[in-house]
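Participant: Below you will find the structure I want to go over with you.
Where a number appears in this text, it was derived from the coordinates with a stated rule and is not lab data. Nothing here was measured: the structure is a model prediction, and the numbers come from that model. Positions of Cβ are generated from backbone atoms using ideal geometry, with glycine treated the same way; all protein chains shown enter the neighbour counts.
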Amino acid sequence: MSAGIDLENVCCDFGSFRAVDHANVSVRPGEFFSFLGPSGCGKTTILRMVSGFIEPSRGVIRIGGKDVRGQRPNQRPTALIFQNLALFPLMPIWENITFGLEVRGVDKTTRRAKADELLRLVDLPGAADKMVSQLSGGQKQRVAIARALAVEPQVMLLDEPLSALDLKLRQHMRAELRAIQKRTGVTFIYITHDQGEALAMSDRVGVMSQGRIQQIADPRDIYNNPVNGFVAAFVGENNVFTGDVQNPSQGMASFATPHGTFRARLGDIAGQTNVKLYVRPEHTALTKAPGPENSIPVTITEVSFEGNFISVLALSDSGARLTAEIRNDGAATVPEMGAKMHMSFDAARASILPDADVRS
Ligand SMILES: Nc1ncnc2c1ncn2[C@@H]1O[C@H](COP(=O)(O)OP(=O)(O)OP(=O)(O)O)[C@@H](O)[C@H]1O
Ligand SMILES: [Mg+2]
């Protein structure tokens, strides 16, 4: 069984400080949904409200369609996993996993069978009788997940559960978590400040800044169609130009900057100030002759080999510092330091966007 979660105009105030500001989101039953944002943006506060450890100052939270205001954490169909796993070092793994069932009076034979089943689910068969100290970081993480699943929650709430692991293991556990979520069908709400993690695992992502949800979309849309500069900059790299919108028409516009006037897609800028042009480094081209549109004369100032791509820094004749990325596919010519070239970009892959949705 899995349940959906609805947040309607949810706010959380700590004194005069608003940590979560009118959050509106509907997480679907069985969905893997991530909240992504920088430290302090309100991610953990949202999880604590869903799990019942704090109550919203305003707004409604529904789990499985039911208003959960006033319900204590142990009355809600949720299970929470923190970065600090809080496993019991003096209990074997199987008892750790089924501790919640023991509390509920489930007999030992049933508990042991349940532990074995869950250990198979998280790909740790044979670990039942080991002690916590005998497991690696990633294995402990799986035990924590098995323990949370033991009480058959409809919703799993995961607060940066992979942040203590090293990079390789983190990447492996991403795929594992995703697979466990698909196998169980339980709704996952996952919190992270790691964009790679959020994009790789999630059905949808909610990007947050300063207590506000900036955009909710699937990972591709977040990356390819960010609604504002905050989302564009938090999820990926950009060349950013300041300037003025001219001749908007049919979703496109010209953008007059000190470095030239460029054509680009026009985002929703109605009533917004601080509008800028965003161009991803991998969406630029470097050529000897000027490009067909949006072309800027530059001098190459730095070329660094990054393995799967080559990062190129360039200084435009007008004084802008720009970045290009060239895929290392063997076909691309690598520019030389000091070379005079032209950087250009497709209008369809550049966006004119407002800064961010911040409190007014
Ligand atoms: N109990 C509290 N009392 C006062 N302020 C709080 C409390 N809990 C959180 N805050 C503040 O609310 C804001 C959001 O905190 P929260 O823990 O939700 O951030 P976060 O997005 O999870 O950050 P991180 O990535 O660092 O964990 C922060 O500015 C924090 O200082
Ligand atoms: Mg947090």
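Participant: Nearest 10 degrees is fine. How inclined is helix 167-184 to the longest principal axis of the chain, computing both from alpha carbons?
Facilitator: In the chain, helix 167-184 runs at an angle near 60 degrees to the longest axis.
Participant: Short version: ³J(HN,Hα) in whole Hz for each residue of segment 98-104, in order, from phi by Karplus 6.51 cos²θ - 1.76 cosθ + 1.60 (θ = phi - 60°), x for Gly and Pro, what are they?
Facilitator: Each residue's phi maps through the Karplus curve to give 9, 4, x, 6, 4, 4, 8 Hz.
Participant: Can you list residues whose amide H is under 5 Å from ASN328's amide H, if they're 5+ apart or on another chain and H is modeled 1.01 Å from N?
Facilitator: HN-HN under 5 Å from ASN328: PHE309, ILE310.
Participant: Work out how far the C-alpha atoms of segment 237-354 reach from end to end along every principal axis, then list the three figures in whole Å, largest first.
Facilitator: 44, 27, 23
Participant: Right, next: Rank the residues PHE305, PHE32 as a footprinting-exposure proxy: fewest other Cβ atoms within 10 Å of their Cβ go first.
Facilitator: Arranged by neighbour count, lowest to highest, PHE305, PHE32 become PHE305, PHE32.
Participant: By how many degrees, 0 to 90 and rounded to 10, does the Cα axis of helix 137-150 deviate from the longest principal axis of the chain?
Facilitator: 60 degrees
Participant: Now for a separate question. Output needed: percent of Cα pairs per 10 Å distance bin for the chain, bins running from 0 to the one holding the longest distance.
Facilitator: Going from the shortest bin to the longest, the percentages are 5, 21, 25, 21, 15, 9, 3, 0.
Participant: Checking the table LYS43/LYS140; LYS66/LYS168; LYS130/LYS168; LYS43/LYS130; LYS168/LYS288; LYS114/LYS182 against a 30 Å threshold on Cα-Cα, which pairs fail? Write down the numbers at each step before the final one.
Facilitator: Numbers: LYS43/LYS140 24 Å; LYS66/LYS168 40 Å; LYS130/LYS168 24 Å; LYS43/LYS130 34 Å; LYS168/LYS288 39 Å; LYS114/LYS182 19 Å.
Flagged as over cut-off: LYS66/LYS168; LYS43/LYS130; LYS168/LYS288.
Participant: So what are the ³J(HN,Hα) numbers for segment 40-57, from phi and the Karplus equation (6.51, -1.76, 1.60; θ = phi - 60°), rounded to whole Hz, Gly and Pro as x?
Facilitator: x, 7, x, 5, 5, 4, 4, 4, 5, 6, 5, 7, x, 6, 9, 9, x, 6
Participant: What is the angle, in °, between the Cα long axis of helix 108-121 and the longest principal axis of the Cα atoms in the chain? Nearest 10 is fine, range 0 to 90.
Facilitator: In the chain, helix 108-121 runs at an angle near 20 degrees to the longest axis.
Participant: Towards the positive end of the charge dipole of the chain, with charges on Cβ (+1 Lys, Arg; -1 Asp, Glu), say which of THR273, PHE17, THR98 has the farthest Cα.
Facilitator: Of the options given, the answer is THR98.
Participant: Right, next: For each of MET91, MET341, MET49, count neighbouring Cβ atoms within 10 Å of the residue's Cβ, then give the residues from fewest to most.
Facilitator: If I rank by nearby Cβ atoms, fewest first, I get MET91, MET341, MET49.
Participant: Would you mind checking which residues have amide H under 5 Å from MET208's amide H? H placed 1.01 Å from N; only 5 or more apart, or other chain.
Facilitator: It is LEU36, GLY37, GLN214, by chain and number.
Participant: Residue by residue, what Karplus-based ³J(HN,Hα) values in Hz, rounded to whole numbers, does segment 271-278 have, using 6.51, -1.76 and 1.60 with θ = phi - 60° and x for Gly and Pro?
Facilitator: x, 9, 9, 6, 8, 9, 9, 10
Participant: Now, a different point. What does the charge dipole of segment 193-262 about its Cα centre add up to, to the nearest 20 debye, if the Cβ of each Lys and Arg holds +1 and the Cβ of each Asp and Glu holds -1?
Facilitator: 160 debye
Participant: Sort out for me the Cα centre separation of segment 241-300 from segment 37-76, rounded to whole Å.
Facilitator: The two parts, judged by their Cα centres, are 41 Å apart.
Participant: If you don't mind, another one. Just rank LYS276, LYS43, LYS108, fewest to most, by other beta-carbon atoms within 10 angstrom. Please report the intermediate quantities before stating the final value.
Facilitator: Working: LYS276 21, LYS43 25, LYS108 11.
The fewest-first ordering by Cβ neighbours comes to LYS108, LYS276, LYS43.
Participant: Could you give the size of the charge dipole of segment 71-200 about its Cα centre, using +1 on the Cβ of each K and R and -1 on the Cβ of each D and E, expressed in debye and rounded to the nearest 20? Kindly include the intermediate steps, with their values, before the conclusion.
Facilitator: On the way: 18 positive and 14 negative charges, 43 e Å.
Computed about the Cα centre, the dipole is about 200 debye.
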